[in-house]
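Throughout, read-outs are computed from the coordinates displayed, never taken from laboratory work. Source: prediction; values computed, not measured. No Cβ is skipped: glycine too gets one built from the backbone with ideal geometry, and neighbour counts run over all protein chains shown.
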Amino acid sequence: MWSSSDYVTPLDVKQYAYCPVIPWLTRNFGLREAETFSMAEARKLKALKLQSVQLLGLEPPVRVEVPMRSPELRLRGVADIVSGSRRLVVVEVKAYPRREYEHFKWQLLAYALLAERCLGPTRAAVLVLGSRVRAWDTTLEALKAAEALVRKTIRAVESEKPPEAKPSAKCTSCWYRRYCPRT
């Protein structure tokens, strides 16, 4: 029988894409970043998610906060929005625009991979960053890359040793830096 600790989430994948040490620390030491203002606001995003549905003109049916789980991938999570019936669109909503959003893209693609496995074929993945919108086709290559990152994340969190990571400018503002074995 699988337990929730046997799975990773798209949040873990996002953190791995940002810095591979973060999900290793959270999983192996139970560390959780103290809630920030933007995290608190994210919990209130349901209204923003519903606004996004209207602004994006998504194909019905539109489902908000869709739970999914794939034992095969060892991946579970709750997608912000999934729309369509035959070819799905997966949407991740962030309250604020960001200059750096590559890690959010990987979180979104992990949700698209989950949707592909749990709900049916996906055609697009849409990232809403405040008033900005970025979209990607969910090609076979994109889904394979997301699956590879999911597998890397699983290997990282299950490892006894922290994953390799090079210190960078982002380390100076990282909440986890005081625990990081790489800085």
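The table that follows gives values for the structure above.
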quantity	calculated
Descending semi-axes in Å of the range 107-154, equivalent ellipsoid built from Cα gyration tensor	19, 13, 9
Semi-axis lengths (Å, descending) of the ellipsoid that matches the C-alpha gyration tensor of the range 138-183	26, 15, 8
Cα-based convex hull volume of the chain per residue, rounded to whole Å³	121 Å³
FRET E, pair Glu41, Arg134, Förster distance 22 Å, beta-carbon r, rounded to 0.05	0.65
Principal-axis tilt of helix 46-56 within the chain, Cα atoms, nearest 10 degrees	50 degrees
With Cα atoms, 0 to 90° folded angle of helix 140-158 axis to the chain main axis	30 degrees
The range 49-171 - charge dipole about Cα centre, Lys and Arg +1 at Cβ, Asp and Glu -1, debye rounded to 20	140 debye
